[in-house]
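What follows is a single structure, written as C-alpha cells, with notes after it.
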Amino acid sequence: MLAPLLFVWPLSIAFTHYFANNVANFPYDQALREHVAAIARQVKLVNGKPMLTLPASARALLRADETDSVYFHVITRDGRFLAGDKDLPIPDLLAEMEIIPGEIYLRDAEFNGQDLRFAYTYLAEPEMPKERWVVVEVAETTEKRNQLANKIVASVILPQFIIIPLAVMLVWFGLSRGLRPLTRLRKTIETRDPGDLSPIATRRVPEELEPLVEAFNEMLERMKKNVEAQQRFVADAAHQMRTPLTGLKTQAQFAIREKDPEALRHALRQIATGVDRAGRLVNQLLTLARTEGGSEPAQQRHEPLDLAQLIREVVEEWVMVAIEKGIDLGYESSGPVMITGNAFLLRELAKNLVDNALRYTPTGGHVTCRILGNFSTVMLEVEDDGIGISEEQAELVFERFYRVDDATTEGSGLGLAIVQEIAMQHDSKASLRPNPRGRGAVARVVFAAWHPPAPPPPPPDDFSELYRQSPPIGP
Ligand SMILES: Nc1ncnc2c1ncn2[C@@H]1O[C@H](COP(=O)(O)OP(=O)(O)OP(=O)(O)O)[C@@H](O)[C@H]1O
Ligand SMILES: [Mg+2]
C-alpha cells in the first residue's frame, strides 16, 4: 500500500500548487485593476488628444508597495509612449481584436528577468480610429503572489507529513491484526501430521475464510476416501498375490522331494501354470492402476475411431481360443460406427468382456459380439449362452476381486473392474445382465456416437460469379 501512496503524493502537491496559484492571484489582481482604474480616471481625452494629470501623491502610492515593484505607463495602441515608466516594454496590442474601451484586461509578461502581472484598459472617444486608442497599463512583480501561493501549499502539505506516516501505521496495524487468523490457519496446516486427513476446525476461523476452509475440508474428505480405497486395494492385491505364491512354494517343495521323472515333470508343469496365473494377476493390477491414474499420455488421448473395426480386430484375436474351447465366436455389425475414445483402453475393455464370455460358457456354447448404432449412441454387446448371472450378482461383479464362484473357476476378479473404469473414462457405464433371449449373460457398454463437424459451404464458383456480373453478350 506504500507504493501507491508514494505515487499519489507528488500528484497531490502538483494539484495543490496549481490551485494555490489561482487563489493567490485573485485578491492581488483585484488590487491591480483598481490601480488601472485610478490612473485611467486621470487621463482626459480632449478632441482625441490625451491629457494626463497624475498628482505626485498618486505616483508615490503606486511605488509604496513593500515587496513588489509596481510600474505603469500610458501609451497609444499603435505603440507611442505618452507618460509613465519609460523602460517598461511597449507591447504590440494591435493584434488584439475583441476590445472594449473601459474594460480591464489582465496578462503575464517577463521584464528584466522578472515575472510581471499586467492589468490594462483602453480609453477612446466615439469617432477615434482603433489604433489611436489610449492604453493605460499597470504592472507589478509577482513576489507577493508567490509568497502567498507557497504559504497555501505549505499549509496543505505540512500536515500530510504527519497524516501519511500515521495512516501507514494504522494500515499496518489493521492489516496485521486482520490477517492474524490467516497466519494462525497457516500455522495449523503447517504443523499437521503428514498423514492427518481430519477436517480443520472452523471454530476460530473468520467468517470470510469459512467457505475456503469448508472447501478444503471437503477435499480432505475426498482424499481420505481415496487413500482408504487405495490402501484397501493394496491390501487386497497383496492378499491375492500371496495365494498363488504360496501355491507355487508348495509345488516347488513337492517337486524337490519327487524321485519319479514323470511326476516331477507334472509338478513342474503345475508350477508353470501357477507362474502364468500370477503373471496375469500382476498384469491386471498394472492395467487397473494405469487406467485409474491415466498417467500415460497415450491413454489420455481420446480421438474419433471406428468401434466396429476395433471390436472386429479383438474378436479375430480370440478366435483361436474359442476354437480350442469348442465355442462358436461370432461378430455382428452394420458397418462403421464412430465414437471418440482411446483405442488402447477400448481394446482392453473388449478383451476382458470376450474373455469372460468364453470363460463362463461351456464347450458347445455360443458367444456373439455385436455393435449396434443409431444416430446418437453406439452399443457394444457381448452375449453368451453360458452359466449366466443372477440379478443380485449383476452389480457386485464389477467390484474389485469379487468372484461369484471362486472355488470352481479360475480368475482374479479384476476383469470387470477394469471394464468399468475404462467405461467411466468414456463417460459411460458397463452392465452385465441375464440374457433376455434365454441362457447366459449379456454385457453392454453404451457410447455417444461421434459425427464429423459439418463441412464449410463450398466457395462460390468463380466463373458463375463472373458471368453474373458481366453484361449479357449478344445483339
Ligand atoms: N459372461 C459372464 N457370464 C457369467 N458370469 C460372469 C460373466 N462375466 C463375469 N462373470 C462373473 O463375474 C465375476 C467377475 O468377473 P471379472 O472379469 O471381474 O473377474 P474374473 O473373470 O473372475 O477374473 P479376471 O480378473 O481374471 O477376469 C466372475 O468371477 C464371474 O463369476
Ligand atoms: Mg474376467
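The values are calculated or read from the model by the stated rules, or taken from the named source; none is laboratory data. Please read these numbers as outputs of a predicted model, since none were measured by experiment. For neighbour counting, all protein chains shown are included, and Cβ atoms are generated from backbone atoms with ideal geometry for every residue, glycine included. Surface accessibility is based on the protein's heavy atoms, side chains included, excluding ligands, DNA and RNA. Shrake-Rupley method; radii C 1.70, N 1.55, O 1.52, S 1.80 Å.
Is it the case, given these coordinates, that M169 is without any contact (Cβ under 8 Å) to a residue 60 or more places away in the chain, among the aliphatic types (A, V, I, L, M) and outside the structural domain of N25 (by TED's automatic domain parsing)? Spelling it out, M169 is indeed without any contact (Cβ under 8 Å) to a residue 60 or more places away in the chain, among the aliphatic types (A, V, I, L, M) and outside the structural domain of N25 (by TED's automatic domain parsing).
Rundown of residues vs (1) at pLDDT 85 or above; (2) of a type in the set (A, V, I, L, M, F, W, C), yes/no style:
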residue: R33; (1), (2): yes, no
residue: Q42; (1), (2): yes, no
residue: G48; (1), (2): no, no
residue: L62; (1), (2): no, yes
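Checking each residue in the stretch 401-416 for being more than 7 Å from ligand 1 (Cβ to nearest atom) and not small (G, A, S) picks out F401, D406, T408, E410. Taken over the stretch 141-184, the residue count meeting the criterion of being outside any helix (DSSP H, G or I) and not aliphatic (A, V, I, L, M) is 2. Scan the stretch 433-456 for residues that are open to solvent by less than 50 Å² (accessible area, probe 1.4 Å), within 15 Å of ligand 1 (Cβ to nearest atom) and touching a residue at least 60 places away in the same chain (Cβ under 8 Å) and the total you get is 5. Within the stretch 417-428, restricting attention to residues that are in a helix (DSSP H, G or I) and open to solvent by 20 Å² or more (accessible area, probe 1.4 Å), the residue that is nearest to ligand 1 (Cβ to nearest atom) is Q420. Only residues that are under 15 Å from G335 (Cβ atoms), crowded, with 17+ Cβ neighbours inside 10 Å and of a type in the set (A, V, I, L, M) were counted across the stretch 364-378, and they come to 2. Scanning the stretch 382-406 for residues that are touching a residue at least 24 places away in the same chain (Cβ under 8 Å), farther than 29 Å from G274 by Cβ and not in a strand (DSSP E or B) gives D385, G388, S390, E391, A394. Whenever a residue of the stretch 407-420 is more than 12 Å from T291 (Cα to Cα), its partners that are within 9 Å of ligand 2 (Cβ to nearest atom) and among the aromatic types (F, W, Y), lying with C-beta atoms within less than 9 angstrom and at least six residues away or across chains, give the pairs T409/Y360.
So which residues in the stretch 332-363 are under 21 Å from G438 (Cβ atoms) and open to solvent by less than 50 Å² (accessible area, probe 1.4 Å)? L353, V354, N356, A357, L358, T361 - these are the residues of the stretch 332-363 that are under 21 Å from G438 (Cβ atoms) and open to solvent by less than 50 Å² (accessible area, probe 1.4 Å). If the condition is being without any contact (Cβ under 8 Å) to a residue 12 or more places away in the chain and open to solvent by less than 60 Å² (accessible area, probe 1.4 Å), then the stretch 177-191 contributes G178, T183.
Remark: G365 falls outside the filter, which requires a residue to be more than 7 Å from ligand 1 (Cβ to nearest atom) and either outside the structural domain of V337 (by TED's automatic domain parsing) or under 46 Å from the mean Cα position of the chain (by Cα) (or both). Restricting R347, R370, R359 to those that are out of contact with any His (no Cβ under 9 Å at 6 or more places or on another chain) and more than 16 Å from ligand 2 (Cβ to nearest atom) reduces the list to R370.
Among the residues of the stretch 264-272, none qualifies, meaning not one is modelled with pLDDT under 90 and part of a helix (DSSP H, G or I). Considering the stretch 377-413, the residues that are among the hydroxyl-bearing types (S, T, Y) and within 13 Å of ligand 2 (Cβ to nearest atom) include one that is modelled with the highest pLDDT, namely Y402. For the stretch 20-49, the set of residues classified as in contact (Cβ under 8 Å) with a residue 40 or more places away in the chain, closer than 26 Å to D92 by Cβ and open to solvent by 50 Å² or more (accessible area, probe 1.4 Å) consists of Y28, R33, H35, listed by residue number. Could you list, ordered by first residue, the pairs with Cβ atoms under 6 Å in which the first is in the stretch 244-272 and outside the structural domain of A407 (by TED's automatic domain parsing) and open to solvent by less than 80 Å² (accessible area, probe 1.4 Å) and the second is of a type outside the set (S, T, N, Q) and not in a helix (DSSP H, G or I), at least 6 apart or interchain? Qualifying pairs under 6 Å: L264/E258; A267/E258. The residue list D108, D87 contains one member that is modelled with pLDDT under 85 and either surrounded by 16 or more Cβ atoms within 10 Å (Cβ to Cβ) or closer than 27 Å to N146 by Cα (or both), which is D87.
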